[in-house]
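The values are calculated or read from the model by the stated rules, or taken from the named source; none is laboratory data. Just so it is clear, the model here is predicted, and its values are computed rather than measured. Note that each Cβ is placed from the backbone with ideal geometry, even for glycine, and that neighbours are counted across all protein chains shown. Note: areas computed on protein heavy atoms with side chains; ligands, DNA, RNA excluded. Shrake-Rupley method; radii C 1.70, N 1.55, O 1.52, S 1.80 Å.
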Amino acid sequence: MQGQAQQQAYDRGITIFSPDGRLYQVEYAREAVKRGTASIGIRTAGGVVLAVDKRVPSPLLEDSSVEKIHKADDHIGIASAGHVADARQLIDFARRQAQVNQLRYGEPIGVETLTKNVTDHIQQYTQVGGARPFGVALIVGGIENGEPRLFETDPSGTPYEWKALAVGADRGELQNYLEDNYEEGADLDGGIALALDALASVNEESLLPEEVGLATVDAETESFEQFDRDRIEEYLVENELLAEEEEEDE
């Protein structure tokens, strides 16, 4: 009984390490990320691609209200997996950091600098009593000094730089797919095709345009662009991934 009580104490206290050096609440936050629908980031020679699975749970829900891709600055986009409310808080923080940097230094913030500012903020919530970690992982992609950069934020507050990554549900399968099919010299269209193929690989090899989010940050123009449903459908048709909607019985 005493051992169970000690386990519960480590389990509930965010500021207390367990005897084997673990922070259980951070690990639970990672589990919350796994319960979120998948997000993918791909760095290509032509820029960064962000793609997300934004399944709509009800036909009565406006699919445009399911926000998993956000513009942080003109040259930076962010995709999320996990608790959407936590993601919105961190993205608002990232936008403020981008504006502060522009006002203070008169230049756009670097992708790495922004990511580390966000992860510093996340890390504070792993060592403050009365708070909990953010139950979300972010993919931060953008252009820095003309070069595409792609980062992941972890609920522990650790930043990682990637060539291609997936977060959220089915991460293992998606990551294996990206590792097997990623080509470093691909252009933006190639990155979009890879991202959509990866999402389709865990969705019965087909996708609906309203259940996919897609955005790019072009290396040449250094501009973020989020695609509408019609353009996503064009890419799905082009890559033979468009799902046929089931017809309801009359």
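I'd like the residue in the range 68-95 that is within 13 Å of the chain's Cα centre (by Cα) and in a helix (DSSP H, G or I) and, out of all such residues, is nearest to Ala219 (Cα to Cα). I'd like the intermediate steps shown before the answer.
Of the range 68-95, the ones within 13 Å of the chain's Cα centre (by Cα) are 68-72, 76-84, 86-88, 90-91.
From the residues that got through so far, the ones that are in a helix (DSSP H, G or I) too are 84, 86-88, 90-91.
Working: Val84: 28, Asp86: 29, Ala87: 25, Arg88: 26, Leu90: 25, Ile91: 22 Å.
The selected residue is Ile91.
In the range 1-48, how many residues are modelled with pLDDT under 85, part of a helix (DSSP H, G or I) and open to solvent by 80 Å² or more (accessible area, probe 1.4 Å)? Residues that pass the stated criteria total 6. Count of the range 149-203 residues, restricted to those that are within 14 Å of Ala45 (Cα to Cα), surrounded by fewer than 21 Cβ atoms within 10 Å (Cβ to Cβ) and of a type in the set (Lys, Arg), is 1. Any residue at all in the range 118-132 that is more than 27 Å from Asp11 (Cα to Cα), surrounded by 24 or more Cβ atoms within 10 Å (Cβ to Cβ) and not small (Gly, Ala, Ser)? No, the range 118-132 contains no residue that is more than 27 Å from Asp11 (Cα to Cα), surrounded by 24 or more Cβ atoms within 10 Å (Cβ to Cβ) and not small (Gly, Ala, Ser). Report whether or not Pro108 is farther than 23 Å from Ser39 by Cα, in contact with a helix residue (DSSP H, G or I) (Cβ under 9 Å, 6 or more places away or on another chain), open to solvent by 10 Å² or more (accessible area, probe 1.4 Å) and at pLDDT 95 or above. Answer is yes for this residue.
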